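Presented below is the structure to which this report refers.
Every number here is computed from the coordinates shown, using simple stated rules; none is lab data. For clarity, every value in this text was computed on a predicted model and none was experimentally measured. No Cβ is skipped: glycine too gets one built from the backbone with ideal geometry, and neighbour counts run over all protein chains shown.
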Amino acid sequence: MSKYCQRCRFENPDDTFWCYNCNTKIINNVVQNTQHPIPHYLEQENKRPATSTEQHHPKKFLKISIVSCMVVLPCIFGFILFNGFNFTFGYHNEFLGINCQINQDFWFEGNYLNTSEGWSFTLRKVKDYTLEGRILGLKTYGKNDIPYDPCNIFSPIDLVIGIDTVQTNPDKYDYSISSFDHRKVSWILYNDDSSDYYYFKSHTGNNHIIPHTKAVLDALKNISTNDIVILKGSLIDLYGINGNRYWEWTTDTIIGNYDCEIILVDEIEVLKSN
């Protein structure tokens, strides 16, 4: 006795449950050898793959992949190029606004600075500090800026300040601020005179500003490059915790060596440029 497949009529052994030819499950009926032979159209069908989903089209897939790469890669490259150019050459001239609010987004309790996002910073005073100089460049920060920095919410602006001759005679120095990166500043001085270079380097600095009062915060919202500012307050170090996260922010103590000063500003005076 044999089992014939009800689909393709292929003859299978009696103990078979799945057709050897088309892999169709065979129903439980035994058929004699005297059944009709397999029809010609079924023989042709049996030579084709069982389903269309089993067929692969490597050439078609390759074409789709190439087209996708041709479309996606230029978009990614253009996005990176545009944002990199904007970051490098645009940020130091754009006042993007200060949106944080004192006693709402952050507040002070003695030697502690707390934020609405759950950070608590211990403030360690390094020394009293007064700085007068010309604003050569600035950049504002928001709490959601990338890369994330929890200090952005209470230190919403960096000021690149020049002092002494750089303040009083800035036209003597042909310079440009090339970038702000992770709250660090880079500049270029177009002058082959090494003495000018070292003087400019030692008389400019990037300052992280923390407003200690609402009056200071409001004044910071209206400053621009070339303004003369007088900042009075103190240099501080900050040590913050938020759950199991920890953040340390320490200050430099002197302007002009590429390290940044963190200034808790109690008073500010702004002399607008003409």
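Legend: translational diffusion of the range 94-271 by Stokes-Einstein, Rh = Kirkwood radius over C-alpha pairs, 25 °C, 0.890 mPa s; D = 147 µm²/s. Amide H to amide H distances under 5 Å link residue 101 with 106, where only residues 5 or more positions off or on other chains count and H is placed in the peptide plane.
Taking a point 7 angstrom from the Cα of residue 271 along the C-beta vector, which residues in the range 99-137 have backbone N less than 16 Å away? Counting backbone N atoms under 16 Å from the label point, the list is 131-136.
A cut-off of 5 Å between modelled amide H atoms, ignoring neighbours fewer than 5 places along the same chain, links residue 141 with 157.
Starting from the Cα-Cα distance between residue 227 and residue 130, subtract it from 0.36 nm times their residue separation and give me the gain in nm to one decimal.
Values: separation 97, 0.36 × 97 = 34.92 nm, distance 1.65 nm.
33.3 nm is the gain from fully extending residue 227 to residue 130.
Here the gap between residue 241 and residue 197, fully extended at 0.36 nm per residue and compared with their Cα-Cα distance, gives a gain of 11.8 nm.
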